[in-house]
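Note sheet for the following structure.
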Amino acid sequence: MLIFALVMNIFREFNLLWPLYFFRYVLLLASIIPISLRVNLDFCKTYFSYKISNDPLLPETVCRNSSIPEELGRI
């Protein structure tokens, strides 16, 4: 995240306020990256729940929530 903030600062060109912009980019990336990871995790849970429900080796299996893959992983 720090490297990406530095790269964004380099593209913006250095001036007297570069530390301020570096700090802004770090704060921005600190909020965006966890949100995108959470969205990816939710999509993965939904996909795995769908695959469990449609598995031909497990007839009549119904996945009623998306936390089933996590609970199966704990077993």
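FYI, it's all coordinate maths here, none of it is from the lab. From a predicted model like this one, the values you see are computed outputs, not experimental measurements. Reconstructed Cβ throughout: ideal geometry from the backbone, glycine too, with neighbour counts over all protein chains shown.
At-a-glance table
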{"quantity": "Tilt relative to the chain, helix 2-12 - C-alpha long axis, 0 to 90 degrees, to 10", "calculated": "50 degrees"}
{"quantity": "On Cα atoms only, tilt of 18-53 relative to the major axis of the chain in degrees", "calculated": "10 degrees"}
{"quantity": "Largest-first ellipsoid semi-axes for the chain, taking √(5λ) over the Cα gyration tensor eigenvalues, angstrom", "calculated": "45, 10, 8"}
{"quantity": "Fewest-first ranking of 60, 70, using other Cβ atoms within 10 Å as the exposure measure", "calculated": "60, 70"}
{"quantity": "Length-normalised contact order of the chain in % [C-alpha pairs under 8 Å, at least 6 apart]", "calculated": "21 percent"}
{"quantity": "Residues 3, 10 arranged by fewest to most Cβ contacts within 10 Å", "calculated": "3, 10"}
{"quantity": "Cβ-based exposure ranking for 1, 8, in which fewest neighbours within 10 Å come first", "calculated": "1, 8"}
{"quantity": "Helix-only CD estimate at 222 nm, as mean residue ellipticity for the chain, using -39500 (n - 2.57) per DSSP H run (n ≥ 4)", "calculated": "-24500 deg cm²/dmol"}
